[in-house]
Amino acid sequence: MTTVDLTRTDLTKIRTDAVILATTTTADGPARVLGLGALPQPVAAAVESAAGVLGVTGALDEVVKIPAPAGLGAALVVLTGTGVADGEPLTSEALRRATGSATRQLAGTGSVTLAVPTASPADVGALAEGAVLGAYAFTGYAGSPTPVAEVSVAVDNPRDKATKAAVERGVALAEAVHAVRDLVNTAPNDLYPESFAEKAKAAAKGTKVGVTVLDEAALRAGGYGGLVGVGQGSPRGPRLVKLEWKPRGASTHYALVGKGITFDSGGLSIKPAKSMETMKSDMAGAAAVLHAVLVAARLNLPVHVTGWLALAENMPSGTAQRPSDVITIRGGRTVEVLNTDAEGRLVLADAIVAATEDHADVIVDIATLTGAQMVALGNQVSAVMGTDDVRAAVVTAAQDCGEQFWPMPLPEELRASMKSPVADIANIGDRFGGMLVAGLFLREFTDGTPWAHLDIAGPSFNEGSPRHYVPKGGTGVGVRTLVQLLENAAGTAR
């Protein structure tokens, strides 16, 4: 794992493989290199000249390496673009993206020093968070370039408590995102409901987070018809994992519910072969919940948090759930299953009911739920629906932490499309507005509890080229928003 420290060492004396400087765009010339005032004048002039000769633009994801001029204690100077126009404020997210792009593209480098001007401890934390987010590699099955091992952030006062706390928070968030990426990238023959539950227990070991696991027999006995129905086609049975962080004095209880379909074939309503290739990622919501709860404990947030991981493998077989089956969700509501590939909402319904029975004040579910999310918002912007106040709080949290969530409606008119002649509700309705129909389905099980539903279907897995701090494969989206939401609720946001 990449380590981060703070330094005040003169850049002419520091021993590091690369010094990273940020650049901004200009309207009529080469990029402006920030922070040159911290360098001796001859060194600054040489860097500025090189940037001009090389045509550096300052665009986001532009990372240019130049040999370090004489007088600098590094082998390389690395210019990383912010994509921000010169004179405009550098937001925390711009800093994360610039440093994340640099460390991602410097894989194989031992140590780097960030010499980027900052205006606050939060800015320093963003630099550290972005640097660690970018320094990621999944090494589960094959070798890959080693991520940057050591990051130093040059600051005026390395001992400042607020700055140190901001860096510790940023690193904690980035490491949680890495852990989610690792789970999402793990092959489904290795990550299935039972092994996921074991990984959750192992991750919580040594923390103050309690873990309870319901196996298939307990789920059947408890009336969790969604999890049992979805999981019955696989020889690897479903699990429901409950995590709990309950610090003394916490007065507000947030329940985070994650969809954890460890592989989604579609069941008997089977998907086309090409559409199955990324379905190991259909558990990204549960992974995000697991590590959001663990970060809440790591940061000692004064809020009661429970996490519910609804884990199943959706497979076709002689024992699989059939279209036209009627199942009973925890709590007694019946569902006519018209499409076995609309399975995520069934396992979430069970877990949402469990969260209401646990008397949560607010419920937030997160899921790779619908292809309709990608049709509506693409693969970089997630959707949020739900109770007006909770939906707004999620959008605010996302803006605060740099993730992209867009508020979507829940039109009452679409509810009628899920009417069933044989059950309380059908698991699908109108095709058009399918993301919203899924949200309306989930709302049926909240028992009026303030609630939000986060659909991360597209943003959870990057099938394209890497960008800024986002690698190819699992992205870890949602963790930062969930933690920020908890911090905002607890009044501890930085």
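Rg over Rh of the chain, using C-alpha atoms and the Kirkwood radius, what does it come to?
Rg divided by Rh gives 1.02.
Which listed residue (Y192, N488, V384) has the Cα farthest towards the positive end of the charge dipole for the stretch 191-490, taking +1 on Lys and Arg C-beta and -1 on Asp and Glu C-beta about the Cα centre?
Most positive-ward Cα: Y192.
So which of K205/K472; K208/K271; K259/K419; K13/K208 end up more than 32 Å apart by C-alpha?
K208/K271; K13/K208, as the Cα separations exceed 32 Å there.
Determine the dipole magnitude for the stretch 99-243: charges of +1 sit on the beta-carbon of Lys and Arg, -1 on that of Asp and Glu, nothing else is charged, the reference point is the Cα centre, and the result goes in debye to the nearest 20.
Its charge dipole is roughly 380 debye.
Suppose we flag GluC sites (Glu not before Pro) only when DSSP calls them loop and at most 14 other Cβ atoms lie within 10 Å. Which is the longest uninterrupted stretch of the chain?
Maximal segment without exposed cleavage sites: 1-276.
Using the Karplus curve 6.51 cos²θ - 1.76 cosθ + 1.60 with θ = phi - 60°, what ³J(HN,Hα) values do you get for each residue of the stretch 176-189, in whole Hz, with x for Gly and Pro?
For the stretch 176-189, the Karplus-derived couplings read 5, 4, 4, 5, 5, 4, 4, 5, 5, 7, 6, 5, x, 6 Hz, x marking Gly and Pro.
Please list, in order along the stretch 202-219, the HN-Hα scalar couplings obtained from phi with the Karplus expression 6.51 cos²θ - 1.76 cosθ + 1.60 (θ = phi - 60°), rounded to whole Hz, x for Gly and Pro.
5, 5, 7, 4, x, 9, 9, 8, x, 10, 10, 10, 9, 8, 4, 5, 5, 5
Report relative contact order for the stretch 191-490 in percent, whole number only (criteria: Cα-Cα under 8 Å, sequence separation at least 6).
Relative contact order of the stretch 191-490: 21 percent.
Provide the per-residue ³J(HN,Hα) series for the stretch 421-429, in order, calculated from phi with Karplus coefficients 6.51, -1.76, 1.60 and θ = phi - 60°, each as a whole number of Hz, with x at glycine and proline positions.
Karplus-based 3J(HN,Hα) across the stretch 421-429 equals x, 10, 9, 5, 7, 9, 8, 9, x Hz.
Report the relative contact order of the stretch 241-384, percent, no decimals, based on alpha-carbon pairs under 8 angstrom and at least 6 residues apart.
35
Pop out the Kirkwood hydrodynamic radius of the stretch 128-212 from its pairwise C-alpha distances, inverse of mean 1/r, in Å to one decimal.
Computed over Cα pairs of the stretch 128-212, the Kirkwood hydrodynamic radius comes out at 15.3 Å.
Which cross-chain or sequence-distant (5 or more) residues have an amide H under 5 Å from the amide H of V84, H modelled 1.01 Å from N in plane?
T25
With only Lys, Arg, Asp and Glu charged, each at its Cβ (+1 for the first two, -1 for the last two), find how big the charge dipole of the stretch 194-282 is about the Cα centre; round to the nearest 20 debye.
Using Cβ point charges on Lys, Arg, Asp and Glu, the stretch 194-282 gives about 320 debye.
From the residues V116, T368, G83, which one has its Cα farthest along the dipole of the chain in the positive direction, the dipole being from +1 and -1 charges on Cβ of Lys/Arg and Asp/Glu about the Cα centre?
V116
Enumerate the amide H contacts of W451 below 5 Å, restricted to partners 5 or more residues apart or on another chain; note that Pro and chain-start residues carry no placed amide H.
I363, T387, V390
Report, in debye and to the nearest 20, how large the dipole of the chain comes out about its Cα centre when Lys and Arg carry +1 and Asp and Glu carry -1 on their Cβ.
Using only the charged Cβ atoms, the result is roughly 860 debye.
Loop-only trypsin sites (Lys or Arg not before Pro) in the stretch 1-59, please: DSSP not H, G, I, E or B, and at most 13 other Cβ atoms within 10 Å.
Within the stretch 1-59, the qualifying trypsin sites (Lys or Arg not before Pro) (loop, at most 13 other Cβ atoms within 10 Å) are R8, K13, R15.
If you count, for each residue, the other Cβ atoms within 10 Å and average over each peptide, how do 159-165, 385-391, 67-73 line up from highest to lowest?
Ranking, from highest mean packing down: 385-391, 67-73, 159-165.
Scan around L6 for amide H atoms under 5 Å from its own, H built in the peptide plane at 1.01 Å from N, and keep only partners 5 or more places away or cross-chain.
Here the answer is V153, since their amide H atoms fall under 5 Å of that of L6.
What is the projected area of the convex hull of the Cα atoms of the stretch 343-494, averaged over all directions, in nm²?
If you wrap the Cα atoms of the stretch 343-494 in a convex hull and average its projections, you get 9.5 nm².
How big is the gap, in Å, between the Cα center of the stretch 217-284 and the Cα center of the stretch 400-473?
So the two Cα centres are separated by 16 Å.
Only the coordinates and a few stated rules stand behind these numbers; no lab work does. Worth saying up front: this structure is predicted, and the values here are computed from it rather than measured. So basically every Cβ, Gly included, is an ideal-geometry build from the backbone, and we count neighbours across all protein chains shown.
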